[in-house]
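Beneath this line is the structure, given in structure tokens, with notes to follow.
The values are calculated or read from the model by the stated rules, or taken from the named source; none is laboratory data. All figures in this text were calculated on a predicted structure; none of them were measured in a lab. Methodologically, a virtual Cβ is constructed for each residue, glycine included, from the backbone with ideal geometry; neighbour enumeration extends over all protein chains shown. The accessibility values were calculated without ligands, DNA or RNA, using every heavy atom of the protein model including side chains. Shrake-Rupley method; radii C 1.70, N 1.55, O 1.52, S 1.80 Å.
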Amino acid sequence: MCGIVGAVAERNVVEILLEGLKRLEYRGYDSAGVALLSDSGELRRLRRVGKVQELADAVTPDNSIGSTGIAHTRWATHGGVTEDNAHPHTSTERIAVVHNGIIENYLDLRQQLTNKGYTFSSDTDTETIAHTVNEVLKSSSSLLEAVQKSVKQFHGAYGTVIMDTQDPSRVVVARSGSPLVIGLGLGENFIASDQLALLPVTRRFIFLEEGDVAEVTRREVNIFDVDGNPVEREIIESNVEHDAGDKGGYRHYMLKEIHEQPTVVRNALQGRLTETGIAPNLFGDNADDILKDVRHVQIIACGTSYHAGMTARYWLEQYANVSCNVEIASEFRYRKSVVHPNSLLVTISQSGETADTLAALRLAKELGYMSTLTICNVPGSSLVRESDLAYMTKAGAEIGVASTKAFTTQLTAFLLLTLALGEHNGLDASAKAAIIQGLNSLPSKLEETLSLTAGIEGLAVEFADKHHSLFLGRGDQYPIAMEGALKLKEISYIHAEAYASGELKHGPLALIDDEMPVIVVAPNNELLEKLKSNVEEVRARGGIMYVFADKDAHFKGDDTMRVINVPHCEEAIAPIIYTIPLQLLSYYVALIKGTDVDQPRNLAKSVTVE
Ligand code: F1P
């Protein structure tokens, strides 16, 4: 989604802004722009459709000097992908604005502003921010006051940074629904939608809260809450690695992140899991006291995180004896639902900023869940701040739009939660021991599974000319099949569907022919024989199958069935292990198809609008 970078400094900030935009490229975008303000108030604006590099190529010493500046990568929502629609937007050459989010009442505002004589040069909702602030500034004593008054007119979501050519010494920022972070320097300060953008210039951050408006100068940051009262916000020292944005020798971030999984899972378990159980209060302050009363879990998430939740449902009910529902956030937030007694609401999100998941959390708080827990990868994110309990997945920065290591660390978290809840709900001692053993073996099993790479690379060739595919799994492997299908469609653009294989006869069998590869995940568990029958149903109809199976499952390859043996593992961790070959398969298919693996078309990393 859109990215924001801003700076107020004594030096020329153009390089800082461009580097920041490059570091935000992973979020997905279609155009980029920068506006710079010199000390004498001269405004220079450059915008380009396409990559940040095209914007950087357009920058020359003549057209890009300014010690105050704002920059943006745009992911189109209102208005097509054109230079006119790219940010920053201006109003009468006085005000310049970048904005993430959606101003929902922009059509009304646009009409009112047009009646007042403003002309619009874009189709965006953002341009209404520029003109509104410009108009309100006429009856305000400062840009800060104008922004504080203007935001009252905006319905929807915004993270916005605003400059006034008549006062180059400051920018004003406002946050409601779209994250913004202020980076503190020495005699210079910065703003971004994601701390990653600012790591080359600072590690000290203030995460703005909902409704905050802040005035940022070279030496000062003054923050005001939603009621206009001055507030102090905590300064946080970031421990995100500076080089989190490097590919580390890999061709793509996604491949790097796939290969990081043994390490990040090892880090995630360190100090959290012992030979006998989990560390106390692993899920937050006082968590054990809260979890002991939980009798029902409602999980809410989107995309890959939703698949982690789907898998968790099998574990929580099978091992921890706790009933569990899982729902997509965008559905949950718009329907009436019934809250079970002693219910824990669990949100899962890599970014912690997914708009629908955040809205669902806020709704759940109103509905009266006994507590809320988030399983999240970004410390200080909105979900972490607004939940009662938080567990950090510690996957490190995930840059590839298609989630990989975030997913496996989310699943790891859910096995730990299964142990925590099972403790109070009769988790069987042998099941507990097996889960612990499985988790302790997980990093090395993941390493072993990554050695399947060469074979999978070979298989990928067979998918390159296919247009459709079907993924099958049963039990806790059904969500893994769903995740495999999501990965393939996200990055290779091949249509992929997942089915619980027991459903084959209820429709999808009609699709089977030799043009539609069928991918099967088949660990050696109690559902194996059932799954084998489903495999035979496909075989009998001339389907071509790719079976990822435990060698003890005894699948025999032939002309219609390729069998890839996956390392044997504890049953509880099998969903995590079987995820790896499916990630690799989609990666190598995408590579052959030549798609933009890390930034697939039309997709964004952090979905901060609904
Ligand atoms: C949810 C999600 C990701 C997906 C993509 C778009 O994000 O669907 O799973 O890979 O990045 O957003 P999150 O809530 O887990 O951050």
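Residues with beta-carbon under 11 Å from that of Ile544, excluding Ile544: net charge, scoring Lys, Arg +1 and Asp, Glu -1? Numbers along the way, then the final one.
Details: positive: Lys466, Arg539, Arg541, Arg562; negative: Glu462, Asp513, Asp514, Glu515, Asp558, Asp559.
Within the 11 Å Cβ shell, the charges total -2.
Show the residues, 5+ positions off or on another chain, whose built amide H is closer than 5 Å to the amide H of Val226.
Distant-sequence amide H within range of Val226: zero hits.
Per residue of the stretch 383-393, in order, report the coupling 6.51 cos²θ - 1.76 cosθ + 1.60 (Karplus, θ = phi - 60°) as ³J(HN,Hα) in whole Hz, putting x for Gly and Pro.
With the stated coefficients, the stretch 383-393 comes to 5, 5, 5, 9, 9, 5, 10, 9, 10, 8, 6 Hz.
Specify the longest stretch of the chain that does not include any exposed loop site, a site being one of the trypsin sites (Lys or Arg not before Pro) with a non-H, G, I, E, B DSSP assignment and at most 13 other Cβ atoms within 10 Å.
Details: sites that count: Arg11, Lys116, Lys138, Arg219, Arg251, Lys292, Arg335, Lys336, Lys556, Arg601.
Answer from the scan: 337-555.
Whose amide H sits under 5 Å from the amide H of Val520, counting only residues 5 or more places off or on another chain, with H placed in the peptide plane?
Placed amide hydrogens put Leu472, Tyr546, Val547, Phe548 under 5 Å from Val520.
Tell me the net charge near Asp388. Cut-off is 10 Å between Cβ atoms, Asp388 excluded, with +1 for each Lys or Arg and -1 for each Asp or Glu. Each step should come with its number before you reach the end.
Details: positive: Lys365; negative: Asp285, Glu386.
Counting the neighbours of Asp388, the net charge comes to -1.
At q = 0.10, 0.21, 0.22 Å⁻¹, what log₁₀ I(q)/I(0) does a Debye calculation on the Cα points of the stretch 457-601 give, no solvent, two decimals?
With no solvent term, the Cα-only Debye profile gives -0.29, -1.36, -1.48.
Under a plain spin-label model, where a point goes 7 Å from the Cα along Cα-to-Cβ, how far apart in nm are Gln318 and Glu234?
3.7 nm
Under 1.5 on a/c is rounded, so check that first for the stretch 178-288, then, if it is not, pick prolate when a/b is larger than b/c and oblate when it is not; a ≥ b ≥ c are the square roots of the alpha carbon gyration tensor eigenvalues.
Details: a/c = 2.88, a/b = 1.44, b/c = 2.00.
Note, shape of the stretch 178-288 comes out oblate.
Please list, by residue number, every one of the GluC sites (Glu not before Pro) in the stretch 83-176 that is coil in DSSP and has at most 11 other beta-carbon atoms within 10 Å.
On the way: sites: Glu83, Glu93, Glu104, Glu127, Glu135, Glu145; in loops: Glu83, Glu93, Glu104.
Sparse-neighbourhood loop GluC sites (Glu not before Pro): Glu93.
With the other protein chains left in place, how much accessible area per residue, in square angstrom, belongs to the chain at a 1.4 angstrom probe?
Numbers: 22650 Å² over 610 residues.
With the other protein chains kept in place, the chain gives 37 Å² per residue.
Report the label-to-label distance for Val226 and Thr114 in nanometres (one decimal), using points 7 Å from each Cα along the Cα→Cβ vector.
3.2 nm
With contacts defined as alpha carbon pairs under 8 Å and 6 or more residues apart, what's the relative contact order of the stretch 364-424 in percent? List each step's numbers first, then the result.
Working: 51 pairs, mean separation 15.8, N = 61.
Once divided by the residue count of the stretch 364-424, the mean separation gives 26 percent.
Can you give the Rg to Rh ratio of the stretch 1-151, both from alpha-carbon atoms, with Rh computed by the Kirkwood formula? Don't jump to the answer; show the numbers that get you there.
Working: Rg = 14.9 Å, Rh = 15.6 Å.
Using only Cα positions, Rg/Rh for the stretch 1-151 is 0.96.
Mind checking the stretch 167-239 for GluC sites (Glu not before Pro) that DSSP puts in a loop (not H, G, I, E or B) and that have at most 12 other Cβ atoms within 10 Å? Walk me through the intermediate numbers first.
On the way: sites: Glu188, Glu209, Glu210, Glu215, Glu220, Glu232, Glu234, Glu237; in loops: Glu188, Glu209, Glu210, Glu220, Glu232, Glu234.
Here the GluC sites (Glu not before Pro) that fit, given the DSSP loop and packing criteria, are Glu220, Glu232, Glu234.
Taking the dipole about the Cα centre of the chain, with the C-beta of Lys and Arg at +1 and of Asp and Glu at -1, give me whichever of Tyr499, Ala429, Thr449 is farthest to the positive side.
Tyr499
From the residues Gly41, Thr374, Gly396, which one has its Cα farthest along the dipole of the chain in the positive direction, the dipole being from +1 and -1 charges on Cβ of Lys/Arg and Asp/Glu about the Cα centre?
In the chain, that residue is Gly41.
Tell me, what ³J(HN,Hα) does each residue in the stretch 118-125 have, in order and in whole Hz, if you take phi through Karplus 6.51 cos²θ - 1.76 cosθ + 1.60 with θ = phi - 60° and put x for Gly and Pro?
6, 10, 9, 10, 9, 9, 7, 6
Can you give the extra length, in nm with one decimal, that the chain gains between Ser441 and Asp84 once fully stretched, where that is 0.36 nm per residue apart less the Cα-Cα distance? Could the numbers behind the result be given before it?
Numbers: separation 357, 0.36 × 357 = 128.52 nm, distance 5.44 nm.
The Ser441-Asp84 span can extend by a further 123.1 nm.
Suppose every K and R has +1 on its Cβ and every D and E has -1 on its Cβ; what is the size of the dipole of the stretch 411-526 about the Cα centre, in Debye to the nearest 20? Could the numbers behind the result be given before it?
Values: 7 positive and 16 negative charges, 59 e Å.
Its charge dipole is roughly 280 debye.
Report ³J(HN,Hα) in whole Hz for each residue of the stretch 250-259, in order, from the Karplus equation J = 6.51 cos²θ - 1.76 cosθ + 1.60 where θ = phi - 60°; Gly and Pro get x.
Values per residue, Gly and Pro as x: 7, 6, 9, 4, 4, 5, 4, 6, 4, 6 Hz.
Helix-only mean residue ellipticity at 222 nm, the chain, DSSP H runs n ≥ 4 weighted -39,500 (n - 2.57), per residue, nearest 500. What is it?
-10000 deg cm²/dmol
Ordering Ile328, Ile456, Ile290 by how much accessible area each has at a 1.4 Å probe, largest first, what is the list? Walk me through the intermediate numbers first.
Numbers: Ile328 70, Ile456 0, Ile290 45 Å².
Largest accessible area first, the list is Ile328, Ile290, Ile456.
Given Cα pairs under 8 Å that are at least 6 residues apart, what percent is the relative contact order of the stretch 1-41? Don't skip to the answer; put the middle values down first.
Details: 20 pairs, mean separation 18.9, N = 41.
Over the stretch 1-41, the number comes to 46 percent.
What do you get for Rg/Rh over the stretch 356-467 if you use C-alpha atoms and the Kirkwood form of Rh? Walk me through the numbers on the way to the answer.
Working: Rg = 18.5 Å, Rh = 17.2 Å.
My calculation of the ratio gives 1.07.
If you scale each eigenvalue of the Cα gyration tensor by 5 and take the root, what three semi-axes come out for the stretch 422-525, rounded to whole angstrom and sorted largest first?
31, 20, 11
Once fully extended, how much extra length lies between Lys149 and Ser40, figured as 0.36 nm per residue of separation less the alpha-carbon to alpha-carbon distance?
On the way: separation 109, 0.36 × 109 = 39.24 nm, distance 2.66 nm.
Here the answer is 36.6 nm.
Checking the a/c ratio against 1.5 first, then a/b against b/c, what shape does the Cα gyration tensor give for the chain? Present the calculation step by step, with values, prior to reporting the outcome.
Numbers: a/c = 2.11, a/b = 1.66, b/c = 1.27.
Verdict is prolate for the chain.
Rounded to the nearest 0.05, what FRET efficiency do Ala279 and Thr77 give with R0 = 41 Å and r taken as the Cβ-Cβ distance? Could you check?
On the way: r = 43 Å, r/R0 = 1.04.
Computed FRET efficiency for Ala279 and Thr77 comes out at 0.45.
Express the relative contact order of the chain as a whole percentage, based on alpha carbon pairs under 8 Å and six or more residues apart in sequence. It would help to have the intermediate numbers written out before the result.
Values: 1361 pairs, mean separation 73.5, N = 610.
Relative contact order for the chain comes out at 12 percent.
Sticking with the crude label model, points 7 Å out along Cα→Cβ, report the distance from Glu537 to Lys505 in nm, one decimal please.
My value for the distance between the label points is 0.6 nm.
Roll a 1.4 angstrom probe over the protein heavy atoms and tell me the percent of accessible area of the chain that is carbon or sulfur. It would help to have the intermediate numbers written out before the result.
Working: 10740 of 22650 Å².
The nonpolar share, carbon plus sulfur, comes to 47 percent.
Give the percent of DSSP beta bridges with both residues in the chain that are antiparallel, rounded to the nearest 5.
Here the share of antiparallel DSSP bridges comes out near 60 percent.
Once the other residues with Cβ under 15 Å from the Cβ of Arg251 are scored (Lys, Arg +1; Asp, Glu -1), what is the net sum? Could you put the intermediate results ahead of the total?
Working: positive: Lys247, Lys256, Lys593; negative: Asp246, Glu257, Glu260, Glu457, Asp596, Asp598.
It works out to a net charge of -3.
Out of every Cα-Cα pair in the stretch 1-71, what percent are more than 13 Å apart?
On the way: 1452 of 2485 pairs.
The calculated P(r) of the stretch 1-71 puts 58 percent of pairs beyond 13 Å.
What does DSSP give for the stretch 51-194 in terms of the percent of beta bridges that are antiparallel, rounded to the nearest 5?
Values: 20 of 21 bridges.
Percent antiparallel among DSSP bridges in the stretch 51-194 is about 95.
Using 0.36 nm per residue of separation minus the Cα-Cα distance, give me the extension gain between His468 and Asn105 in nm, one decimal. Provide the component values of the computation, followed by the final result.
Working: separation 363, 0.36 × 363 = 130.68 nm, distance 4.02 nm.
That works out to 126.7 nm of additional length.
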